[in-house]
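Presented below is the structure to which this report refers.
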Amino acid sequence: KHGAEYEYDGLSHEVKGYDFESDNELFVRDDLKYIGAGADSIATGTLVGKYGMKFDETYFENQNPNFDNVEITIVEDSLVIKPVAVHVTITKHGAEYEYDGLSHEVKGYDFESDNELFVRNDLKFTGASEDSIATGTLVGKYGMRFTAASFENMNPNFDNVEITIVEDSLVIKPVAV
């Protein structure tokens, strides 16, 4: 059976067909008829994984009456879709306020991926909810405490998810009196 390897790209890939070998030069490819369904001789896949063809030796029929007891050996191969690496940038939200004696907060982040197939929902925030909020009342700089380790890859089509965190802060500035 034919095989092939591809890196995940969101597209459907296929491999079909097989090679023929005989230990007798008089028994040629045309002497062995494929009698299976066409779809059984095609492996198709889109997502990361291994996809094989479904045919076996019972899918072939000897067409040459000069040979009996034709022994067929199937050598397996597969279509393999391999995961790919991705780089994600997480930019923490920030804001500036003048001191007014009130508590202010900023939360959330922006998401950017270098592969359009890896989207925001593919990265799960696993950190504590209080780490994704910066709160302050007094003059100063308040940052969110989450890191790249606060995220988990949920998409098996991607491995080696590299996350860069871009810091921003809640800033309470002094007010002139």
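The values are calculated or read from the model by the stated rules, or taken from the named source; none is laboratory data. In this text the structure is predicted, and so the values were computed from the model without any measurement. Note: ideal-geometry Cβ built from the backbone for every residue, glycine included; neighbour counts use all protein chains shown. All accessible areas refer to the heavy atoms of the entire protein, side chains included, with ligands and DNA or RNA removed. Shrake-Rupley method; radii C 1.70, N 1.55, O 1.52, S 1.80 Å.
Any idea how far the Cα center of segment 34-100 sits from the one of segment 128-157, in Å?
39
Would you work out the charge dipole size for segment 1-40 about its Cα centre, treating the Cβ of every Lys and Arg as +1 and the Cβ of every Asp and Glu as -1, and quote it to the nearest 20 debye?
About 220 debye.
First select every other residue whose beta carbon is under 12 angstrom from the beta carbon of Ile42; then total the charges, Lys and Arg +1, Asp and Glu -1.
Charge balance in the 12 Å sphere: +1.
State in Å² the accessible area per residue of segment 85-142; use a 1.4 Å probe, count heavy atoms of protein chains only, and round to the nearest integer.
I get 60 Å² per residue for segment 85-142.
What residues of segment 116-142 lie in the reach of a label at Leu47, counting those whose backbone N is under 19 Å from a point 7 Å from the Cα along Cα→Cβ?
What the label zone holds, given the 19 Å backbone N cut-off, is 116-124.
About the Cα centre of segment 67-177, what is the dipole size in debye to 20, counting +1 per Lys and Arg Cβ and -1 per Asp and Glu Cβ, all else neutral?
740
Along Cα→Cβ, 7 Å out, is where each label goes; now give me the distance between the ones at Tyr99 and Ala176 in nm to one decimal.
1.6
Which GluC sites (Glu not before Pro) from segment 1-97 combine a DSSP loop assignment with at most 12 other Cβ atoms within 10 Å?
Glu21, Glu25, Glu71, Glu76
Give the lysines reachable from Lys92 as a straight Cα distance under 24 Å; neighbours fewer than 8 places away on the same chain don't count.
The qualifying lysines are Lys107, Lys124, Lys141, Lys173.
Highest first, please rank the peptides 80-89, 166-175 by the mean number of other Cβ atoms sitting within 10 Å of their residues.
Peptide ranking by packing, descending: 80-89, 166-175.
Taking the highest mean first, how do the peptides 138-146, 100-108 order by number of other beta carbon atoms within 10 angstrom per residue?
Top to bottom by mean Cβ count within 10 Å: 138-146, 100-108.
The list [x] 16.0; [y] 16.6; [z] 21.3 gives values of Kirkwood radius over Cα pairs in Å, and only one came from this structure; which label was calculated from it?
For Kirkwood radius over Cα pairs in Å, the calculated option is [z].
Which one of Ile72, Val84, Ala95 has its Cα pushed farthest toward the positive end of the charge dipole of the chain, where Lys and Arg give +1 and Asp and Glu give -1 at the Cβ?
Going by the charge dipole, the pick is Ala95.
About its Cα centre, what dipole magnitude does segment 10-88 give when the only charges are +1 on Lys and Arg Cβ and -1 on Asp and Glu Cβ, stated in debye to the nearest 20?
680
Within segment 142-177, what residues put their amide N at less than 11 Å from the label point 7 Å along the Cα-to-Cβ vector of Asp114?
162-164
Using a Förster distance of 30 Å, how high is the FRET efficiency between Arg145 and Glu7, based on the Cβ-Cβ distance and rounded to 0.05?
About 0.25, to the nearest 0.05.
Considering only protein heavy atoms and a probe of 1.4 Å, how much of the accessible area of segment 92-177 is carbon and sulfur, as a whole percent?
Details: 2640 of 5390 Å².
After summing per-atom areas, the C and S share lands at 49 percent.
Would you kindly state how much longer the chain becomes between Glu130 and Lys54 on full extension, computed as 0.36 nm times their sequence separation minus their alpha carbon distance, in nm to one decimal?
Separation in residues times 0.36 nm, less the Cα-Cα distance, equals 22.2 nm.
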